[in-house]
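Before any comments, here is the structure.
Each value in this text was obtained by applying a stated rule to the coordinates, not by laboratory testing. None of the values given here were measured: they were computed from a predicted structure.
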Amino acid sequence: MREDVTLRLATQEDAKLIHQMKYEAFLPLYEKYQDDETSPAKEGIEKVIRQLQEERTDYYYCSNNIRRQ
C-alpha cells in the first residue's frame with residue numbers, strides 16, 4: 001500500500017470546506033473557553049471568503065490518497 005499526498009492552493013470554491021474544518025478543529029477549545037470574539041469556531045464563512053480573496057493570505061488543501069499496489 002502506498003500513500004500519496006496532494007497539496008494544492010485553495011480557491012473560493014473551497015470556502016465551505018475550510019469553514020467546516022476550522023469549526024470542527026476549534027470547537028473543543030471554544031466549548032472550554034467560550035471565547036466568542038476570537039475563536040475560529042465562531043467565525044462566519046464570510047471571513048474565510050474574505051481571507052481567500054486577500055493577496056497576503058493563502059490556504060492550502062492537503063489530502064492523501066491511499067493506493068493499493
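For the chain, what log10 I(q)/I(0) values come out of the Debye formula at q = 0.12, 0.28 1/Å, with one point per alpha carbon and no solvent? These q points yield log10 I(q)/I(0) values of -0.42, -1.16. Converting phi to 3J(HN,Hα) with the Karplus coefficients 6.51, -1.76 and 1.60 and the offset θ = phi - 60°, the stretch 21-32 yields 5, 5, 4, 5, 5, 9, 4, x, 5, 4, 4, 6 Hz in sequence order, with x at every glycine or proline. Taking amide H positions as modeled 1.01 Å from N, with prolines and chain starts lacking one, the residues under 5 Å from Tyr59 and 5 or more places away or on another chain are Ala10.
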